[in-house]
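A quick write-up on the structure given underneath.
The values are calculated or read from the model by the stated rules, or taken from the named source; none is laboratory data. Nothing here was measured: the structure is a model prediction, and the numbers come from that model. Glycine gets a Cβ as well: all are built from the backbone with ideal geometry, and neighbour counts include every protein chain shown. Surface accessibility is based on the protein's heavy atoms, side chains included, excluding ligands, DNA and RNA. Shrake-Rupley method; radii C 1.70, N 1.55, O 1.52, S 1.80 Å.
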Amino acid sequence: MSPKSRWTTSEAERLYGFNRWGSPYFSVDKEGYVCAHPAADDISVRIDDVIKEAATKGIKAPMVIRFQDLLRHRVERLNKAFADSIRDEDYPGHYRGVFPIKVNQLREVVEEIQDAGENHCYGLEAGSKPELMIAMAMHQHSESLLICNGYKDEDYIRLALNYRKIGKDIIIVAEQLSELEMIISMSKELDVEPLIGLRSKLGTRGEGKWAMSTGDNAKFGLTSMEILEAARMLEKANLTESLCLLHFHIGSQVPNIITLKNAVVEATRYYCQLQKMGFPMGFLDVGGGLGIDYDGSRSNYESSTNYTLEEYARDVVYNVKQICGLMDVPCPNLVTESGRAIVAPHSILITEVTGRISKRDSLLTVRKDEIKHQVVADLHEILNGRNRYGNLEIYHDAQQKKEEADSLFSHGYLDLLGRAQAESLFWQICNRLEKNISKTKGYQPEELIGLSELLSDQYVCNFSVFQSLLDHWALDQLFPITPITRLNERPTVNAILVDITCDSDGKVSKFIDLEDEKQYLPLHPLKKGDSYFLGIFLVGAYQDIMGDNHNLFGRVNEVHVFLDEDEDDGFYIEDTIQGFRMKDVLEGVQYSAGGLCQNLKKQIDKATKADLVKPRDGVRFMELYEEQLQKKTYLDIEQKKKRRAAPRKAKAKPQ
Ligand SMILES: *Cc1c(COP(=O)(O)O)cnc(C)c1O
């Protein structure tokens with residue numbers, strides 16, 4: 001092997017993209033540990049220290065680490081970006097952002113955001129009745145807004161109108177004319193002056209995965225004809241004074257700033273028209289869509305955004321001001337409903353690698369004199385012979401022989417040893433080809449590039465993709481994934497990640513890359529007895545606490561981290577939330593712990609009576625079962641490590 005240049009932590013930062021998607025919140029220190037900078041400054045916390053501290057509280061991976069200070073920083077950064085733009089553009093209006101609860105409903109998250117936003121009159125948005133229940137109870141500051149979106153029934157509207165009655169700035173946004181009808185008639189009933197908004201169905205099409213939120217087939221919003229009709233209905237009901245907001249939402253994670261600009265321009269035209277028709281208006285709500293640059297490429301690729309949060313704020317302020325100037329209409333106060341951009345970066349999912357599945361591990365060395373079958377001899381020749389063919393041709397020849405061997409085995413013409421030899425030779429050929437390719441520069445055919453993927457190891461990780469990375473599974477959303485330690489060592493293993501669910505979809509085999517995406521992740525070889533943790537970053541939006549109960553693993557453990565100068569490590573863990581116990585997930589699918597125990601006990605009693613098991617062993621089994629109901633659902637990796645460390649008593653029987 002050729003001598004390689006020395007590996008440094010800055011190379012690790014480049015390889016995993018810390019300085020792109022991670023800036024300014026994540027970096028690698030000189031000893032190769034991943035650090036978080038929750039307040040985006042020099043104060044840093046080693047993620048590994050948090051994992052260790054959590055372990056002393058009985059909290060193990062898989063777990064979510066929430067950096068509460070990072071959440072605050074996001075809220076402040078968004079508010080500052082708008083404040084700065086408003087000042088720079090001499091914009092004659094205010095910014096009144098709201099946080100859409102659906103993006104992360106966890107109480108601690110909503111509380112922190114409310115607290116951080118208090119000085120900025122930062123409010124809340126609800127998209128359903130249960131979210132409205134949260135929003136009304138949590139809404140603190142009297143000058144901040146509460147915006148009601150989503151489909152509404154009478155109870156939803158009754159709740160909102162009652163809240164208005166106690167003096168709150170709650171704006172009910174009508175998605176449909178039928179809702180507006182309900183709002184009008186129920187306001188009369190309850191004798192309250194409502195604050196009403198209209199959601200417009202823009203012609204500007206979104207882009208990216210959620211593009212269908214606008215355009216003619218969108219399921220939300222009013223068309224231009226319906227907006228005219230809504231105006232007429234409000235006039236007729238003597239509620240002109242109530243119409244105060246025009247709303248649109250173009251879909252989440254908009255990768256291209258041009259789309260957002262076009263939408264803002266179109267919506268401002270609607271706003272101005274309504275104002276000219278004699279409605280007081282006052283607020284323009286530009287919805288969500290502000291994206292996160294998950295792959296750090298700063299492009300209009302789905303996993304990225306070609307703009308920054310600051311650019312977004314400037315573009316909203318500038319475009320609204322310009323259109324209002326042209327139309328000679330007073331500038332509105334600006335509302336945004338950014339969710340993803342506020343919460344995505346604050347949480348990290350930590351999973352521990354529990355094992356490795358490798359095609360290279362059990363390869364046989366095949367000597368020529370041991371070969372009994374022609375197909376094996378052919379493969380041996382491809383590997384060891386002096387052939388002058390190109391890489392691609394060698395690959396195709398080997399592939400053909402491997403398929404032949406598989407089929408001979410199925411038909412009984414090749415024995416197990418022969419098949420194992422054929423497979424071993426095939427993988428050795430692939431290995432060699434991959435090495436050749438990595439040495440050659442320039443264009444390579446796709447089949448050969450695919451070899452690295454074919455040869456990559458599988459790292460088994462203690463978590464469930466369906467619970468903790470739902471968006472990756474359902475929507476192909478990419479997240480940055482990196483080791484948490486050992487970044488001062490060169491990663492020498494190309495791996496994909498598989499989870500512990502028994503579903504072949506339970507894997508991560510697409511990773512962020514500067515260009516396009518990568519089919520494997522460079523990782524470190526596992527060391528016996530040492531933990532190897534991976535961090536999955538920017539996971540705080542949407543799927544964070546949604547999860548699907550696939551295989552009944554349920555929610556993972558959580559720790560909530562606060563910065564604190566007085567602590568040795570610079571932080572402390574305030575809250576821990578225990579992940580689900582077996583009992584919890586079973587109750588979620590209608591089993592009572594008592595009922596299950598009874599059922600098992602009956603079977604054990606029967607077996608005891610029949611002398612299949614000693615009474616004492618039967619009782620022990622029952623105790624084990626009961627004890628397990630109180631235990632966590634994920635793998636207990638400590639057990640495996642302890643067993644390894646303990647001296648072996650009896651030799652294990654061969655299986
Ligand atoms: C989902 C949603 C949002 C949040 O969008 P992000 O892209 O996460 O900022 C805002 N407004 C409405 C109406 C939504 O449905």
Filter result for the condition that a residue is within 15 Å of the ligand (Cβ to nearest atom), in contact with a Pro (Cβ under 8 Å, 6 or more places away or on another chain) and under 25 Å from PRO332 (Cβ atoms), over GLY127, GLY93, GLY97, GLY123: GLY127
When residues of segment 30-47 are limited to those that are in contact with a helix residue (DSSP H, G or I) (Cβ under 7 Å, 6 or more places away or on another chain), farther than 21 Å from VAL343 by Cα and not basic (Lys, Arg), the one most open to solvent (accessible area, probe 1.4 Å): TYR33
Top-ranked residue of segment 341-380 - restricted to ones that are within 16 Å of the ligand (Cβ to nearest atom) and either β-branched (Val, Ile, Thr) or touching a strand residue (DSSP E or B) at 6+ places or on another chain (Cβ under 9 Å) (or both), ranked as farthest from GLN399 (Cα to Cα): ILE342
Listing of helices (runs of 4 or more DSSP H) fully contained in segment 409-487 that carry 3 or more residues being without any contact (Cβ under 8 Å) to a residue 12 or more places away in the chain, on the phi < 0 side of the Ramachandran plot and open to solvent by 60 Å² or more (accessible area, probe 1.4 Å): 416-439
So LYS518, is it within 30 Å of LYS631 (Cα to Cα), among the basic types (Lys, Arg), at pLDDT 85 or above and out of contact with any Leu (no Cβ under 6 Å at 6 or more places or on another chain): no
Hey, ALA160 within 21 Å of LEU284 (Cα to Cα) and either open to solvent by less than 10 Å² (accessible area, probe 1.4 Å) or within 16 Å of the ligand (Cβ to nearest atom) (or both) or not: yes
Subset of segment 132-155 [within 15 Å of the ligand (Cβ to nearest atom) and buried (at least 20 other Cβ atoms within 10 Å of the Cβ)]: LEU132, ALA135, LEU145, LEU146, ILE147, CYS148, ASN149, LYS152
Where GLY579 falls short, out of the listed (1) in a loop (DSSP other than H, G, I, E, B); (2) under 26 Å from VAL110 (Cβ atoms); (3) open to solvent by 30 Å² or more (accessible area, probe 1.4 Å): (3)
Within segment 389-398, tally of residues that are open to solvent by less than 60 Å² (accessible area, probe 1.4 Å) and assigned to a helix (DSSP H, G or I): 6
Filter result (buried (at least 18 other Cβ atoms within 10 Å of the Cβ) and assigned to a loop (DSSP other than H, G, I, E, B)) within segment 513-523: TYR520
Any hit, segment 36-55, residues being hydroxyl-bearing (Ser, Thr, Tyr) and part of a loop (DSSP other than H, G, I, E, B): yes
Scan of segment 623-642 for residues that are in a helix (DSSP H, G or I) and either within 28 Å of VAL64 (Cβ to Cβ) or touching a Leu at 6+ places or on another chain (Cβ under 7 Å) (or both), ordered by number: TYR625, GLU627, GLN628, LEU629, ILE637, GLU638, GLN639, LYS640, LYS641, LYS642
Residues of segment 359-388 classified as under 18 Å from LEU451 (Cα atoms) and either of a type in the set (A, V, I, L, M) or open to solvent by 100 Å² or more (accessible area, probe 1.4 Å) (or both), total: 5
Residues (of a type in the set (Asp, Glu), within 16 Å of the ligand (Cβ to nearest atom) and under 18 Å from TYR25 (Cα atoms)) located in segment 276-298: ASP293
Those residues of segment 324-340 which are away from the ligand (no atom under 16 Å from the Cβ), out of contact with any Lys or Arg (no Cβ under 8 Å at 6 or more places or on another chain) and not in a loop (DSSP other than H, G, I, E, B), in sequence order: CYS324, GLY325, LEU326
Residue, least open to solvent (accessible area, probe 1.4 Å), within segment 77-93, restricted to residues that are out of contact with any helix residue (DSSP H, G or I) (no Cβ under 6 Å at 6 or more places or on another chain) and of a type in the set (D, E, K, R): ASP84
Some residue of segment 595-607 being in contact with a strand residue (DSSP E or B) (Cβ under 6 Å, 6 or more places away or on another chain) and modelled with pLDDT of 90 or more: no
Residues satisfying the stated conditions in segment 200-250, i.e. modelled with pLDDT of 90 or more, under 30 Å from TYR301 (Cα atoms) and surrounded by fewer than 19 Cβ atoms within 10 Å (Cβ to Cβ): THR223
